[in-house]
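Below is one structure, written out as structure tokens; the observations come after it.
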Amino acid sequence: MRALVGGLLLVAGTAGMSAAQTRERQRHDFDDPEGRVMAFYAAALAVSAIGPAPSEHPWAVRAGIELSHIPRLTREQRTAGFDKPESSNLSPVLPRPRVAISAPHGVRIEASWLPPIRVFAARANLYSLAVSRPVATRGSLAFTPRVTVAAGRARGAITCNDALQRGTPSEQVYFGRICHGRESDDHFEPRQLSAELIVSRWGGGRLVPFATVGVRRDDTRFDIGVRRADGSRDTDHPVLEMRATRPFLAAGLARRGRVEAAAEVYYAPGSLVTVRVRTDLLVRRGRGVSRDR
Amino acid sequence: MTASSLRAAIAARPLAARTLIAALGGVLAGAVMSCAEFDSTTDPAFGLPDIAVATPSFSADIQPIFDRRCSIGGCHSLATAQAGLVLTAGRSYDALVGVPARLRPQLARVVPSDPANSWLVHMIDDDPAARFGRQRMPLSSMPLTENQITTIVNWIAQGAPRN
């Protein structure tokens, strides 16, 4: 486990350094048109618990996958500050493999990594690390705080997409002149720290309803990746930045068992409502005393 | 794996199959329920005061329009200089006044006291015939507001002073 955590931290560190640039940086607020779109995708890519951790022996290991739906944006919503819509509807779904390890004293460590494989028209390299632990029960309810750090990069042709060639005459000229007739290689880089409190039913029963309230600190960058005719990055375009602290809510149902499944409705006010599902398999039972949550 | 062996595998693991079906159902439900919760709120004046200035100052009233709408990355910035035109502060005046337009050399970009014959006005105005088929500027973006265009026309009409 130590090696796994160390490896994740190493990956997080090197990826964070890669964005060092001397480009113009434009700071946007959450309420700006650009900020709204960036906040939307930050929320869409955010990691959430999708249910409370099951009670398991220390060193039990679960592996599974999460699927998160990314709603399509309308042309108007994708028109952020420019009249030209951004081609941001690259993928309708975010698949995220997850591994969870139960540590002693009820602590649970969870890591996720979406490797840089192509999902529809996007290629993402996203990772996260979360720690949670049940801290209290009251009546039939259990309270589990959880802290998550997440980072990475999603790439795609957002600013300059081949679709512009089939757009208005103005968009066609834009593709030829501003985009140099090439698709862009834009980088969307979310960096997030979130804290949430999961309230779930405690005790018997395989079905566990839960609700989550949390807050997320976003430090998001959008690196406009227009490419010149020779393929090099056109540094005349700025890097957009958006920092915001935003609340989120979720509610759903988990089904306990060796194969566990859970689904939640995730709500980020001012950004999106979406549904996330998770399923995972107990691959190692662990040993020792478990906390009965 | 054949279809029959897949069915057999699912039959042998009904819980896994049900979980998988539930997960897929969740994704489909998500596609129906999910939505973005914000509106596009583009400001047509792009954060500038939307007023027609009767006696414009180049530095106070004209250059801010260029800064916000024209000299952005990929357009009339120093690095890109589309159509050979740089509209950044400190360079824009000398690039405009009395300089032939690269796209229409028989016209100057700005002819002092003659907005009707200034290529800059043709390119930002609504009349496509005056642009000889060229796309209206700013390219693929919202046009300047009527008040902003009037401010530029007023500045040229008053002799395009460097003030």
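The values are calculated or read from the model by the stated rules, or taken from the named source; none is laboratory data. The model shown is predicted, which means the values in this text are computed figures rather than measured ones. So basically every Cβ, Gly included, is an ideal-geometry build from the backbone, and we count neighbours across all protein chains shown.
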Exercise for the section: Only strands (runs of 3 or more DSSP E) wholly contained in the stretch A:215-293 count here; list those with 2 or more residues that are away from chain B (no Cβ under 13 Å) and either at pLDDT 95 or above or crowded, with 21+ Cβ neighbours inside 10 Å (or both). Expected result: A:239-255
Fill in the blank from the handout: Counted residues in the stretch B:108-131 being within 14 Å of chain A (Cβ to nearest Cβ) and farther than 18 Å from B:Ala45 by Cβ come to 3
Fill in the blank from the handout: Taking the stretch A:203-214 and keeping residues surrounded by fewer than 21 Cβ atoms within 10 Å (Cβ to Cβ) and away from chain B (no Cβ under 14 Å) leaves A:Gly203, A:Gly204, A:Gly205, A:Pro209, A:Ala211, A:Val213
Problem - Qualifying position, being among the aromatic types (Phe, Trp, Tyr) and within 14 Å of chain B (Cβ to nearest Cβ), among A:Phe188, A:Phe175 - result: A:Phe175
Completion exercise
B:Ser140: passes all of (1) touching a Lys or Arg at 6+ places or on another chain (Cβ under 6 Å); (2) away from every other protein chain (no Cβ under 14 Å); (3) not in a helix (DSSP H, G or I) but (2)
Handout entry: Qualifying residue in the stretch A:145-152 (condition: crowded, with 21+ Cβ neighbours inside 10 Å, farther than 22 Å from A:Ala46 by Cβ and touching a residue at least 12 places away in the same chain (Cβ under 8 Å))
Key = no
Exercise for the section: Collect the residues in the stretch B:107-130 that are closer than 22 Å to B:Asp94 by Cα and part of a helix (DSSP H, G or I), keeping them in residue-number order. Expected result: B:Pro115, B:Ala116, B:Asn117, B:Trp119, B:Leu120, B:Val121, B:His122, B:Met123, B:Ile124
Handout entry: Single condition A:Tyr127 does not satisfy, out of (1) within 23 Å of A:Leu281 (Cα to Cα); (2) at pLDDT below 95; (3) among the hydroxyl-bearing types (Ser, Thr, Tyr)
Key = (2)
Exercise for the section: Within the stretch B:153-160, identify whether any single residue is of a type in the set (Val, Ile, Thr), more than 26 Å from A:Thr168 (Cα to Cα) and out of contact with any helix residue (DSSP H, G or I) (no Cβ under 6 Å at 6 or more places or on another chain), and answer yes or no. Expected result: no
Practice task
Look at the stretch B:60-77 and say how many of its residues are of a type in the set (S, T, N, Q) and either more than 14 Å from every other protein chain (Cβ to nearest Cβ) or at positive phi (or both).
Solution key: 1
Practice task
Report yes if A:Arg255 is under 17 Å from the mean Cα position of the chain (by Cα), farther than 20 Å from B:Ser77 by Cβ and of a type outside the set (A, V, I, L, M, F, W, C), otherwise no.
Solution key: no
